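Have a look at the structure below before the remarks.
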Amino acid sequence: MTSQPKIRIRGLKKAFGDKKVLDGVDLDVEAGTSFVIIGGSGTGKSVLLRCILGLIAPDEGRIEIDGEDMVTAAPRRREELVQQIGMLFQNGALFDSMSVADNIAFGLRAKGRAKADAKRVSWSAARLAAGDILKQVGLDPSVGALSPSELSGGMQKRVGLARAIAGTPDIMFFDEPTTGLDPIMGAVIDGLIVDCVKRLGCTAIAITHDMASAQRIGDKAAMLYQGRLVWQGLAADLMNSGDPLVDQFTHGRREGPITMELRR
Amino acid sequence: MNFVLEPIAAVGRATLALIRKAGAMSLFGMAALSHLVRPPFYWRVFFTSLIEIAYFSLPVVALTAIFSGGVIALQSYTGFSQYHAQSAIASIVVLAVVRELGPVLAGLMVAGRVGAAMAAEIGTMRVTDQVDALWTLSTDPMKYLVAPRLLAGTLALPFLVLIADILGVMGGFAVSTSKLGFAPDAYIINTLAAVKPMDVIVGLVKAAVFGFLIALMGCYHGYTSRGGAEGVGSATTSAVVGASILLLAFDYLLTDLFFAQ
Ligand SMILES: Nc1ncnc2c1ncn2[C@@H]1O[C@H](COP(=O)(O)OP(=O)(O)O)[C@@H](O)[C@H]1O
Ligand SMILES: [Mg+2]
């Protein structure tokens with residue numbers, strides 16, 4: 001018996017002007033598993049996530065969630081599908097006009113926004129609950145009173161994670177969760193991500209070029225190169241994939257089949 | 001041949017770019033308006049922007065109005081004989097302030113203050129992914145960021161202009177009575193005789209249009225900004241310059257529509 005993947009992407013293409021960023025991406029992510037996508041800077045990893053989130057309209061291809069194509073879905077339905085996805089942005093993307101607690105309360109209340117008639121959590125109730133969610137990402141509830149600009153990079157990532165999990169999403173996206181953090185903080189954030197994904201039973205896609213992080217977070221992995229996924233396999237096999245492109249990337253060799261495009 | 005065609009082609013390209021931009025802005029404005037009439041409406045954002053525009057712009061708008069009313073009184077005094085000046089200056093001051101200077105100067109002041117602030121705030125949110133984060137948290141950024149600001153701008157400017165009208169006339173009154181030696185009661189009677197309700201109403205309609213345009217320029221340039229801090233900086237400049245030019249152009253159109261018979 002073959003179960004239907006939670007996320008299925010077929011022939012996804014996106015070009016900006018005459019620059020083909022995604023050129024036929026095929027991807028299956030099984031429900032409850034974590035998928036890691038590696039690839040060089042500027043290869044279109046973030047664009048891929050943005051296409052799934054509906055922030056960028058793809059030129060061609062299908063993006064299915066539970067078998068339902070998002071690209072051709074009616075706008076209202078697409079919004080509903082996007083609402084099951086929680087996203088941790090590369091730099092946290094915390095709302096800097098709000099306190100930390102309000103950021104998390106905003107995420108909590110997002111769930112109520114899914115259905116217009118659903119009973120919404122009030123702001124005061126959401127702020128109270130924000131303290132609990134802060135604890136889940138290893139922060140003291142008193143942090144809630146601070147403003148995002150008062151936090152370190154690692155704390156901002158934690159709060160971003162807290163805001164994303166507040167809405168108890170079915171699917172989580174992580175865009176370079178450890179970039180810009182020291183190795184210890186990176187490991188801590190990875191641990192939190194794994195915990196949250198387990199606890200919520202989420203399906204996850206993470207983007208990274210940090211191999212240690214990829215192996216901690218991912219069940220499966222793939223490499224994005226020149227607009228396509230050139231290799232797919234177990235995350236545990238990343239370091240000895242046998243694929244020359246992946247090998248060069250994971251071992252950081254200067255010589256190899258990957259040609260860095262310095263001018264485009 | 002080329003030195004003839006090149007400039008023409010350049011003018012053509014610039015014109016096309018301008019039309020494309022105007023089209024994009026109109027579409028943006030209409031999209032935002034359509035969000036105004038579809039729930040939910042974000043009252044918190046609306047009231048915050050309303051206070052930011054209406055209340056915190058009061059000092060600059062008030063000072064601008066008082067001094068311009070006074071300057072009009074001084075300038076027109078030199079043009080009239082002593083005998084006619086009494087009645088003429090009161091009516092020149094009130095008509096200039098209510099019909100033109102109030103809306104235009106308040107508009108330009110608010111464009112510099114609020115248009116720039118909106119572009120900077122939304123632009124920063126754009127380049128730090130906060131706008132996209134709103135979308136992933138089930139909140140349409142057009143509805144959340146843009147629609148309430150457009151409404152706040154449209155409602156706040158008429159209020160500011162009403163204040164500017166009153167203070168501008170008071171500026172003229174102060175100069176006329178203290179420096180030019182006019183009789184206070186006669187000045188007030190002349191002022192009230194010169195101004196018609198329609199003058200005030202048209203000035204306030206202009207103000208509402210200007211307020212909408214200022215908020216539209218601030219939101220549009222912020223929302224579409226790209227490329228980090230530099231992009232936000234140029235969005236701010238574009239918002240102020242664009243709002244100022246549009247404001248003066250619409251001032252001409254509205255004046256032509258209402259006053260030129
Ligand atoms: N909105 C956009 N408009 C034009 N080009 C874009 C846009 N978003 C991304 N790109 C381009 O697409 C390429 C891939 O970007 P991205 O997905 O952010 O790379 P990364 O793999 O590092 O996340 C980059 O060259 C970038 O310049
Ligand atoms: Mg990226």
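The values are calculated or read from the model by the stated rules, or taken from the named source; none is laboratory data. The shown structure was predicted, so the numbers you read here are calculated from the model rather than taken from an experiment. Methodologically, a virtual Cβ is constructed for each residue, glycine included, from the backbone with ideal geometry; neighbour enumeration extends over all protein chains shown.
If you check B:ARG38, B:ARG113, B:ARG99 for being within 30 Å of B:GLY228 (Cα to Cα) and charged (D, E, K, R), only one passes: B:ARG113. Condition check for A:CYS196 on (1) assigned to a loop (DSSP other than H, G, I, E, B); (2) under 25 Å from A:ILE37 (Cβ atoms); (3) modelled with pLDDT under 90: one failure, at (1). Within the stretch A:79-105, the set of residues being of a type in the set (Val, Ile, Thr) and either within 16 Å of ligand 2 (Cβ to nearest atom) or closer than 15 Å to A:SER142 by Cα (or both) comprises A:VAL100, A:ILE104.
Scanning the stretch B:51-97 for residues that are within 26 Å of B:LEU157 (Cβ to Cβ), small (Gly, Ala, Ser) and not in a helix (DSSP H, G or I) gives a single hit, B:SER57. Evaluating A:ARG120 against the criteria (1) within 18 Å of B:MET125 (Cα to Cα); (2) surrounded by fewer than 20 Cβ atoms within 10 Å (Cβ to Cβ); (3) within 12 Å of chain B (Cβ to nearest Cβ) leaves one unmet condition, (1). Is there a residue being over 24 Å from A:LYS135 (Cα atoms), within 16 Å of ligand 1 (Cβ to nearest atom) and part of a loop (DSSP other than H, G, I, E, B) anywhere in the stretch A:15-27? Within the stretch A:15-27 (the criterion being over 24 Å from A:LYS135 (Cα atoms), within 16 Å of ligand 1 (Cβ to nearest atom) and part of a loop (DSSP other than H, G, I, E, B)), the answer is yes, since at least one residue qualifies.
Counting the residues of the stretch A:172-203 that are within 16 Å of ligand 1 (Cβ to nearest atom) and either within 22 Å of A:VAL82 (Cβ to Cβ) or buried (at least 21 other Cβ atoms within 10 Å of the Cβ) (or both) gives 6.
Does any residue of the stretch B:136-150 turn out to be in contact with a strand residue (DSSP E or B) (Cβ under 7 Å, 6 or more places away or on another chain) and surrounded by 20 or more Cβ atoms within 10 Å (Cβ to Cβ)?
Yes, some residue in the stretch B:136-150 is in contact with a strand residue (DSSP E or B) (Cβ under 7 Å, 6 or more places away or on another chain) and surrounded by 20 or more Cβ atoms within 10 Å (Cβ to Cβ).
Need the failing condition index for A:SER46 against (1) of a type outside the set (A, V, I, L, M, F, W, C); (2) within 13 Å of ligand 1 (Cβ to nearest atom); (3) within 18 Å of A:ARG228 (Cβ to Cβ); (4) more than 10 Å from chain B (Cβ to nearest Cβ), just the number. Only one criterion in (1) of a type outside the set (A, V, I, L, M, F, W, C); (2) within 13 Å of ligand 1 (Cβ to nearest atom); (3) within 18 Å of A:ARG228 (Cβ to Cβ); (4) more than 10 Å from chain B (Cβ to nearest Cβ) is unmet by A:SER46, namely (4). Of everything in the stretch A:204-220 that is more than 15 Å from ligand 1 (Cβ to nearest atom) and outside any helix (DSSP H, G or I), the residue that is farthest from A:THR168 (Cα to Cα) is A:LYS220. Scanning the stretch A:222-232 for any residue that is in contact (Cβ under 8 Å) with a residue 24 or more places away in the chain, more than 16 Å from ligand 1 (Cβ to nearest atom) and buried (at least 21 other Cβ atoms within 10 Å of the Cβ) turns up nothing. If you take the residues in the stretch B:135-166 that are at the interface with chain A (Cβ under 8 Å from one of its Cβ atoms) and part of a helix (DSSP H, G or I), which one is nearest to the chain's Cα centre (by Cα)? Out of the qualifying residues, it is B:TRP135. The residue list A:GLY42, A:GLY32, A:GLY11 contains one member that is more than 16 Å from ligand 2 (Cβ to nearest atom), on the phi > 0 side of the Ramachandran plot and in a loop (DSSP other than H, G, I, E, B), which is A:GLY32. Kindly indicate the residue of the stretch B:118-133 that is surrounded by 20 or more Cβ atoms within 10 Å (Cβ to Cβ) and of a type in the set (Gly, Ala, Ser) and also farthest from the other protein chains (Cβ to nearest Cβ) among those meeting that condition. The qualifying residue farthest from the other protein chains (Cβ to nearest Cβ) is B:ALA119. Looking across the stretch A:49-64 at every residue that is within 12 Å of another protein chain (Cβ to nearest Cβ) and more than 22 Å from A:ILE193 (Cβ to Cβ), the one that is surrounded by the fewest Cβ atoms within 10 Å (Cβ to Cβ) is identified as A:ILE56.
Report whether or not A:GLY32 is within 14 Å of another protein chain (Cβ to nearest Cβ), more than 11 Å from ligand 1 (Cβ to nearest atom) and farther than 26 Å from A:LEU151 by Cβ. For A:GLY32, the condition - within 14 Å of another protein chain (Cβ to nearest Cβ), more than 11 Å from ligand 1 (Cβ to nearest atom) and farther than 26 Å from A:LEU151 by Cβ - is not met. Considering only the stretch A:137-147, I want to know if a residue exists there that is without any contact (Cβ under 8 Å) to a residue 60 or more places away in the chain and within 16 Å of ligand 2 (Cβ to nearest atom). No, every residue in the stretch A:137-147 fails to be without any contact (Cβ under 8 Å) to a residue 60 or more places away in the chain and within 16 Å of ligand 2 (Cβ to nearest atom).
Scanning the stretch B:206-234 for residues that are hydroxyl-bearing (Ser, Thr, Tyr), crowded, with 24+ Cβ neighbours inside 10 Å and away from ligand 1 (no atom under 16 Å from the Cβ) yields a count of 1. Only one entry in A:LEU94, A:LEU108 is within 13 Å of another protein chain (Cβ to nearest Cβ), at pLDDT 95 or above and over 20 Å from A:PHE35 (Cβ atoms), namely A:LEU94.
The selection criterion, being in a loop (DSSP other than H, G, I, E, B), charged (D, E, K, R) and either away from chain A (no Cβ under 14 Å) or closer than 15 Å to B:ALA147 by Cβ (or both), holds for B:ARG38.
What do you reckon, is A:MET70 more than 16 Å from ligand 1 (Cβ to nearest atom), surrounded by 15 or more Cβ atoms within 10 Å (Cβ to Cβ) and not basic (Lys, Arg)? Spelling it out, A:MET70 is indeed more than 16 Å from ligand 1 (Cβ to nearest atom), surrounded by 15 or more Cβ atoms within 10 Å (Cβ to Cβ) and not basic (Lys, Arg). Residues considered: B:GLY222, B:GLY231, B:GLY172. Of these, the only one that is within 14 Å of chain A (Cβ to nearest Cβ), away from ligand 2 (no atom under 16 Å from the Cβ), touching a helix residue (DSSP H, G or I) at 6+ places or on another chain (Cβ under 7 Å) and touching a residue at least 24 places away in the same chain (Cβ under 8 Å) is B:GLY222. Of the residues A:GLY167, A:GLY154, the single one that is closer than 14 Å to A:GLN90 by Cβ, more than 16 Å from ligand 1 (Cβ to nearest atom) and not aliphatic (A, V, I, L, M) is A:GLY154. The single condition among (1) surrounded by fewer than 24 Cβ atoms within 10 Å (Cβ to Cβ); (2) more than 18 Å from the chain's Cα centre (by Cα) that A:ALA105 does not satisfy is (1).
The single condition among (1) within 13 Å of ligand 1 (Cβ to nearest atom); (2) of a type outside the set (Gly, Ala, Ser); (3) at pLDDT below 90 that A:LEU53 does not meet is (3).
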